[in-house]
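Here's the structure, in C-alpha cells; my notes come after.
The values are calculated or read from the model by the stated rules, or taken from the named source; none is laboratory data. This structure is a prediction, so every number in the text was calculated from the model and none was measured. Cβ coordinates were reconstructed from backbone atoms using ideal geometry, including for glycine residues, and neighbour counts include every protein chain displayed.
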Amino acid sequence: MSKRDRLSGNEAIATAMRQINPDVFAMFPITPSTEIPQYFAQYVADGLVDTEFICVESEHSSLSACLGAEAAGARAVTATSSAGLSYMNEVLYVAASLRLPVVLAVACRALTGPININHDYSDSMAERDSGFIQLYAENNQEVYDNYLMAHRIAEHPDVRLPLMVCEDGFITSHAIENIETEDDDRVKAFVGEYNPENYLLKKENPLAVGPYGVSNYYMEARVAQAHAMINAKKVILDVAEDFYNTFGRRYGLIEEYMMEDAEIAMVIMGSSAGTARAAVDELRTQGVKAGLIKIRVLRPFPAEEIMKALSGCKAVAVMDKSEGFSGCGGQLFGEVSAALINCDVRPKMIDIVFGLGGRDFTVKAARTVYDRLEGIAKGGEVGNVYTHMGQRERV
C-alpha cells in the first residue's frame, strides 16, 4: 500500500535504492548528488541493507567498480553529477558496449566554465550518445518511480544496457515534496532479483568481458547494441504498464498536455515542464490553443511519438536547457527536428536555449515563448530560429 512521505529527490532515490538493496554501491561525492551516497551510507551503517559499499578515489573509479561488479553477476549502482559524469565519460561508453546494466543516478548540473553548481542539462546531454538509456523526471515522485523501474528496464534480456535516472540538480535533488512511496516488500517483488544469464564467475560458461574488438566483429557488436536501444522502447512501456497496474501511476515515453487540438506547442524536459504547464493553463482560459510535450525518455528517443503528437501544430518551440555550441541550436532541437523530417505537413519550429546555470524560468517567460508562437502560427515571420532567453543584454 502506498504511503505519503516528504522527501527530497536525492532521498527518494536513496530510499528506492534501499528498498531494492543492490549488491554493490561504488561512490565518490560530487554536488548535488552527494546526498544520495550519504543517505545510503547511513542505511548500510544501520544494517538496513547488505550492500557492499565501496568508497573510491574518483568518479571514473566508481563506475569502473560498478562494471567489475556487474560483469561478475552483481547488481551495481552509483550516483554522480556535472564534472563527475564527464570524468566517467570513458567508462560510460565501456559500460554500454559491454552491455552491463548499471543504474546511475544523475543530479543534472551545469558544466564549467565558469564554475557553476546549479541546474541545467550540460552534463547529461553531453553523454546522450554514450549508449545509456536516459530517463528524466519532472518532480520527486517521478524521480522515485523512475528509479523503481530502472533496473527492470536495464536488466531485461532484450536490452541489457546501463541506465541514467536523471533529476534536476537542487530543483528536485534538494527540494522536499510530498510523494507516495511503496512498501518494501512490494518494491522488491516488482523489481525482482538480478539473475543474469552469463557472468564472469559462472563456471559452467567461462567468458571474457571487454575483449579486443577486431574489425571483423566490432561493427556487429555495435549493431547489436543499437538494436538493444531500439528494443528498450517497448521494454520501457511494458515496465511502465506493469508499474501502473501495481502502483497506480502511469508513465509513457512522453507526456502530452492539452495536445488534442493544440495549434502551438512547447517541447521541454524536467522540472521546467511544470512552469510551462501553468502557462498553458492561463492561455487556454483565454482561448489560445496551446499545448505541451514533456519528454521523459531521451534515450531511446521517442521520435515517432513526438511526430504524431506535433502533427497538428502550426508552430513549435523546443526548449533546450543546455547549449549545444553547434551554432544553430541545442541538442534537443536537433533531435525533435529530425523526428519531424518526414512529416507531410511540418510545423514551423524555433529553438530557445534557456535556464543555463540555474537561470530562472518563470510562467511569464513561458508566456513570451507562446506569444511568439502565436505570431508565427498566424502567418508571421519565424525570425531567428535559434535564440537564447533570459540572459542580460550585451553592452
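A few notes on this one:
- Within the stretch 221-265, considering residues that are charged (D, E, K, R) and in contact with a Lys or Arg (Cβ under 7 Å, 6 or more places away or on another chain), the one nearest to VAL191 (Cα to Cα): GLU255
- Among strands (runs of 3 or more DSSP E) entirely within the stretch 127-187, having at least 3 residues that are crowded, with 21+ Cβ neighbours inside 10 Å singles out 133-136, 163-168.
Yes/no per residue for (1) in a helix (DSSP H, G or I); (2) over 18 Å from the mean Cα position of the chain (by Cα); (3) not hydrophobic (A, V, I, L, M, F, W, C); (4) not assigned by TED's automatic domain parsing to the domain that holds GLU35:
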{"position": "ALA79", "(1), (2), (3), (4)": "no, no, no, no"}
{"position": "LEU85", "(1), (2), (3), (4)": "yes, no, no, no"}
{"position": "LEU92", "(1), (2), (3), (4)": "yes, no, no, no"}
{"position": "ILE115", "(1), (2), (3), (4)": "no, yes, no, no"}
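- Among residues of the stretch 80-105 that are closer than 16 Å to ASN10 by Cα, those with a Cβ under 8 angstrom from a residue that is assigned to a helix (DSSP H, G or I) and of a type in the set (Gly, Ala, Ser), sequence gap 6+ or separate chain, pair up as THR80/SER62; SER82/SER122; VAL103/ALA150; VAL103/ALA154.
- Residue within the stretch 130-140 that is more than 28 Å from GLY84 (Cα to Cα) and in the same structural domain as GLY68 (by TED's automatic domain parsing) present: no
- Any chance HIS119 is buried (at least 22 other Cβ atoms within 10 Å of the Cβ) and touching an Asp or Glu at 6+ places or on another chain (Cβ under 7 Å): yes
- Residue among VAL318, VAL353 that is touching a helix residue (DSSP H, G or I) at 6+ places or on another chain (Cβ under 7 Å) and either of a type in the set (Phe, Trp, Tyr) or surrounded by 21 or more Cβ atoms within 10 Å (Cβ to Cβ) (or both): VAL318
- Unmet criterion (only one of (1) out of contact with any Lys or Arg (no Cβ under 8 Å at 6 or more places or on another chain); (2) part of a loop (DSSP other than H, G, I, E, B); (3) over 22 Å from HIS119 (Cα atoms)) for LEU48: (1)
- Cβ-Cβ under 8 Å pairs, at least 6 apart or on other chains, the stretch 224-252 side free of Cβ contacts under 8 Å to residues at least 60 places away in the same chain, far side of a type in the set (Gly, Ala, Ser) and part of a helix (DSSP H, G or I): ARG250/ALA240; GLY252/ALA240
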